[in-house]
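Undergrad: One structure, pasted below without further comment.
The values are calculated or read from the model by the stated rules, or taken from the named source; none is laboratory data. Keep in mind that this is a model prediction, so the values were computed, not measured. Counting neighbours? That spans all protein chains shown, and the Cβs are built from the backbone with ideal geometry, glycine included.
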Amino acid sequence: MNHPPEVKITKKDFLCCFVLIVGWVIPIIYTGLTHRKILLFPSAVRYFQTIGDLFTHRVQVWPMPYIQIRTEANPGWMTLPEEDFFRLKTFGYRTRLFEVLYYATNVPDYERKSHETQAELAQWIAKRYTKLYPGNPKPVAVRFVAGLHFADPQNPPQGHWQPPSYEAFPKDKTYILSTHDVRTDHAH
């Protein structure tokens, strides 16, 4: 009769379990129950620990970003269809544009890095717009704006929810993330 091999717990196994429990399981339980971050850990570690409270509370407000351009011929702002620039869909309510604009808000020097990323993205959007619509006037400025969508549990969306147009948001529920000069007639 064959007996299963005897399992022996080594010091390495014990140490790995200890690190997992103390470094991840206990902090997840703590952050999930108290909704507070453990400031003792570096921000990268805190980011992984907060996954424990991923579904413990609902999102109250969703910032929904949009791309707008101003062209040589039109001094007003025109909202562009995001699908022309970000074809790859993500899951949930976050789009690829959202991920780029709100990328890594917990990294050091976020403000400067975010502005640089947005400026680079604006230049790319201007070039892409010129390529997609060669007969249209060239863009001279790109700005990123957002509308604040407030979740209403008493009146949930029906059917397959679609994001509203930027113009549908009341003015007091919108804000400008950044504005960039993107004249394509000179090199950047």
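Undergrad: What are the residues in the stretch 133-160 that are farther than 25 Å from Ala119 by Cβ and touching a residue at least 40 places away in the same chain (Cβ under 8 Å), if any?
TA: Narrowing the stretch 133-160 to residues farther than 25 Å from Ala119 by Cβ: 135, 149-160.
Within the stretch 133-160, His149, Phe150, Ala151, Pro153 qualify.
Undergrad: Then there is this: Do we find a residue being among the aliphatic types (A, V, I, L, M), out of contact with any Asp or Glu (no Cβ under 9 Å at 6 or more places or on another chain) and surrounded by fewer than 15 Cβ atoms within 10 Å (Cβ to Cβ) anywhere in the stretch 127-141? Walk me through how you get there before you give the answer.
TA: Taking the stretch 127-141 and keeping what is among the aliphatic types (A, V, I, L, M), we get 132, 140-141.
Cutting the leftovers down to out of contact with any Asp or Glu (no Cβ under 9 Å at 6 or more places or on another chain) gives us none.
No - not one qualifying residue is present in the stretch 127-141.
Undergrad: Next question, about the same structure. Filter the stretch 38-80 for residues that are at pLDDT below 70 and in contact with a Gly (Cβ under 6 Å, 6 or more places away or on another chain); which is farthest from Ala168 (Cα to Cα)?
TA: Within the stretch 38-80, the match that is farthest from Ala168 (Cα to Cα) is Gly52.
Undergrad: Restrict the check to the stretch 103-118 and report whether at least one residue is surrounded by 13 or more Cβ atoms within 10 Å (Cβ to Cβ), at pLDDT 65 or above and outside any helix (DSSP H, G or I).
TA: Checked against the condition, which is being surrounded by 13 or more Cβ atoms within 10 Å (Cβ to Cβ), at pLDDT 65 or above and outside any helix (DSSP H, G or I), the stretch 103-118 yields no hits at all.
Undergrad: Which residues, taken from the stretch 161-175, are closer than 11 Å to Pro63 by Cα and either free of Cβ contacts under 8 Å to residues at least 12 places away in the same chain or among the basic types (Lys, Arg) (or both)?
TA: Lys173
Undergrad: Taking the condition part of a loop (DSSP other than H, G, I, E, B) and either in the same structural domain as Pro156 (by TED's automatic domain parsing) or at pLDDT 80 or above (or both), does Val100 pass?
TA: Working: part of a loop (DSSP other than H, G, I, E, B): no; either in the same structural domain as Pro156 (by TED's automatic domain parsing) or at pLDDT 80 or above (or both): yes.
When the stated conditions are applied, Val100 does not pass them.
Undergrad: Now for a different question. Just to be sure before I move on: is Gly135 out of contact with any helix residue (DSSP H, G or I) (no Cβ under 7 Å at 6 or more places or on another chain) and either at positive phi or not assigned by TED's automatic domain parsing to the domain that holds Met78 (or both) in the structure I sent?
TA: Details: out of contact with any helix residue (DSSP H, G or I) (no Cβ under 7 Å at 6 or more places or on another chain): yes; either at positive phi or not assigned by TED's automatic domain parsing to the domain that holds Met78 (or both): no.
In short, no.
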